[in-house]
Amino acid sequence: MDRFILKVADSKKAKALMLFLKQLNFIDIEHKAVKIQDTSAEKADLFKLAGLWGKRKISLAKIREKAWPQRAAL
């Protein structure tokens, strides 16, 4: 026996897929719904990161030099 795990983003399409699979007599379906946490930027708290670079002495120019060393020679 083979086992497949499918992740379907659209719940309407998932229901349609389940209805189709139930029509096939050689497939046994074990359905288990999973809740996915919302990790959107709307819920993120930007101010929690405020002290992240507090003790580091770095400038925008130094960051650019590390990111694009070929441009620093120009």
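Tabulated data for the structure shown
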{"item": "Residue within the range 30-43 that is touching a helix residue (DSSP H, G or I) at 6+ places or on another chain (Cβ under 9 Å) and modelled with pLDDT under 85 present", "result": "yes"}
{"item": "Selection status of residue 4, among the aromatic types (Phe, Trp, Tyr) and at pLDDT below 80", "result": "no"}
{"item": "Residue that is farthest from residue 1 (Cα to Cα), among those in the range 44-74 that are at pLDDT below 75 and assigned to a helix (DSSP H, G or I)", "result": "72"}
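The values are calculated or read from the model by the stated rules, or taken from the named source; none is laboratory data. This structure is a prediction, so every number in the text was calculated from the model and none was measured. Note that we place each Cβ from the backbone using ideal geometry, even for glycine, and neighbour counts take in every protein chain shown.
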